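The values are calculated or read from the model by the stated rules, or taken from the named source; none is laboratory data. Here the structure is a predicted model, which is why all the values come from computation and not from measurement. Here Cβ is always computed from backbone atoms with ideal geometry, including for glycine, and neighbour counts include all displayed protein chains. These accessible areas exclude ligands, DNA and RNA; they are computed on the full protein's heavy atoms, side chains included. Shrake-Rupley method; radii C 1.70, N 1.55, O 1.52, S 1.80 Å.
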Amino acid sequence: MDYFSYENGTMYCEGVSLEQIASEIGTPFYVYSAKSFSDSFNTFSNAFKGREKIICFAVKSCPNIGILSLLGSLGAGADIVSGGELHRALRAGINPEKIVYAGVGKTRQEIREALDAGILMFNAESAQELDVLNEEAKKAGKRARIAIRVNPNVDPKTHPYISTGLKKNKFGISVETVREQFRYAAGLDSLDVEGVHCHIGSQLTDVSPFADAAKIMVSLIKDLRADGIDIKYLDMGGGLGITYNDETAPEHEDYAKAILEAAGNLDITLIFEPGRNLSGNAGVLVTRVLYTKDSGTKHFKIVDAAMNDLARPSLYDAYHGILPVCETAETITCDVVGPVCETGDFLAKDRIAADVPVGGLFAVMSAGAYGMSMASNYNSRPRAAEVLVSGGNYYIIRRRETYADLTGPESVPSFLRNR
Ligand SMILES: *Cc1c(COP(=O)(O)O)cnc(C)c1O
């Protein structure tokens, strides 16, 4: 994580002191490095130099419109999974012709919105969805470009909650029956069947499952072309992993090689949907130590960020590095926990961390993906602020929520008013 580094014992993001941001806007907050995003995007893109490709950032990993706008400016499209994400991508100025839409449960309303926006492609996930896409396109007097999401039954060897390409998962259509579904879709009068899609899982640290999936997809494309279906896009989804702790993340070149070898000289536009790979190490969560306490057997650092701010440790037992914003001489084995009333509310367990005193700051590393994105108001905690650092300045891209934001959408029913 070169974009967050120490100078004279305190952590900076691209030349901006995290301590200074904390003193100016309070804690907790997420801070992202613009240069990290642009460097990751460019190396990803360069790994496929010379090939027709569209890189669609997976919005759900880091959906702030400031981030989407940054990626859009670099040439990224968007991979969306809801009408809300379509709204965000359009608000951020992302070119609709670079938006692909996946998800097993698209509503008719969401489909209409995406047709109106003129997105590149729907990644359809079931036979029934094909019919609904066809109906809605016809009603709107439009044609819907589609890919079918194929479940290649490849084991990504990751956490069970983030594997998506196995038969037992709810996503896509099994590779054995999908050819029939393609023929069926090709016969529907308001669909243009142009792509094949797969997304086999998340946080893959081995490229061989991508190679396996790509081979299956390429052979499918050849079959479909033989069936007279003119496939123009191969969408390989996202899932490329990053280093959180001691895992070795694949180099972009090795990932590209795995896919390009399978693709050979096939004439096709490649689509990728990286989320975590671009956002994960671009952001950290900064939190202040409120209290420390010893239970006899354990030492706790109680901080002002919690599972509502960063759910991954509680949800997946995920590892995030915990570094002091101001380096300390001493370390201590501790649990770093938040104020939420749940035993599962922790950011790190039995961790040897810097012995940051009350009032000091920790940076929870690699928090850019599925961090703020999964944040909630649980325990009526206003959500954290988000900050983007670029060119030696920082910009608030999401202000800290207020109490008024918490109750804004709520109301007391009329029969209880004027008590
Ligand atoms: C979540 C998701 C992605 C992004 O996954 P990462 O592991 O963050 O790269 C891409 N495509 C689809 C369809 C997804 O659901």
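Here are the numbers for the structure shown:
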quantity	calculated
Enumeration of residues in segment 266-312 that are of a type in the set (Lys, Arg) and more than 24 Å from Ser38 (Cβ to Cβ)	Arg288, Lys293, Lys298, Lys301, Arg312
Some residue of segment 256-273 being out of contact with any Lys or Arg (no Cβ under 8 Å at 6 or more places or on another chain), more than 21 Å from His197 (Cα to Cα) and not hydroxyl-bearing (Ser, Thr, Tyr)	no
All positions within segment 93-119 that are of a type in the set (Asp, Glu) and either within 17 Å of Pro274 (Cα to Cα) or free of Cβ contacts under 8 Å to residues at least 24 places away in the same chain (or both)	Glu97
Residue list for segment 145-160, restricted to those being over 22 Å from the mean Cα position of the chain (by Cα) and surrounded by 24 or more Cβ atoms within 10 Å (Cβ to Cβ)	Ile146
Elements of type helices (runs of 4 or more DSSP H) in segment 1-87, at least 1 residues being farther than 19 Å from Gly283 by Cβ and either open to solvent by 30 Å² or more (accessible area, probe 1.4 Å) or more than 16 Å from the ligand (Cβ to nearest atom) (or both)	18-25, 34-46
Residue under evaluation Asp267, criteria (1) part of a loop (DSSP other than H, G, I, E, B); (2) within 29 Å of Asn281 (Cα to Cα), criterion not met	(2)
Test: residue in segment 227-243 that is of a type in the set (Ser, Thr, Tyr), open to solvent by 10 Å² or more (accessible area, probe 1.4 Å), more than 17 Å from the chain's Cα centre (by Cα) and farther than 17 Å from Tyr101 by Cα	no
Which listed residue, of Asp309, Asp246, is more than 16 Å from the ligand (Cβ to nearest atom), surrounded by 21 or more Cβ atoms within 10 Å (Cβ to Cβ) and acidic (Asp, Glu)	Asp309
Residue among Leu285, Leu260 that alone is open to solvent by 10 Å² or more (accessible area, probe 1.4 Å), more than 16 Å from the ligand (Cβ to nearest atom) and not charged (D, E, K, R)	Leu260
Those residues of segment 178-233 which are part of a loop (DSSP other than H, G, I, E, B), within 16 Å of the ligand (Cβ to nearest atom) and not β-branched (Val, Ile, Thr), in sequence order	Cys198, His199, Ser202, Gln203, Asp206
Residue check for Gly105: open to solvent by 20 Å² or more (accessible area, probe 1.4 Å), under 20 Å from the mean Cα position of the chain (by Cα), in the same structural domain as Cys62 (by TED's automatic domain parsing) and within 14 Å of the ligand (Cβ to nearest atom)	yes
Residue satisfying condition, being in the same structural domain as Val303 (by TED's automatic domain parsing), within 16 Å of the ligand (Cβ to nearest atom) and touching a His at 6+ places or on another chain (Cβ under 8 Å), within set Ala348, Ala367	Ala367
Every residue from segment 361-419 that is in a strand (DSSP E or B) and either aliphatic (A, V, I, L, M) or free of Cβ contacts under 8 Å to residues at least 24 places away in the same chain (or both)	Leu361, Ala363, Val364, Ala385, Val387, Leu388, Val389, Ile396, Ile397
Selection status of Lys222, at pLDDT below 95 and surrounded by fewer than 18 Cβ atoms within 10 Å (Cβ to Cβ)	no
Residue list for segment 123-144, restricted to those being touching an Asp or Glu at 6+ places or on another chain (Cβ under 8 Å) and either hydrophobic (A, V, I, L, M, F, W, C) or open to solvent by 50 Å² or more (accessible area, probe 1.4 Å) (or both)	Lys138, Ala140, Arg143, Ala144
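Yes/no matrix, rows are residues, columns are (1) crowded, with 21+ Cβ neighbours inside 10 Å; (2) over 27 Å from Gly283 (Cα atoms); (3) among the hydrophobic types (A, V, I, L, M, F, W, C):
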site: Ile173; (1), (2), (3): yes, yes, yes
site: Arg183; (1), (2), (3): no, yes, no
site: Val196; (1), (2), (3): yes, yes, yes
site: His252; (1), (2), (3): no, no, no
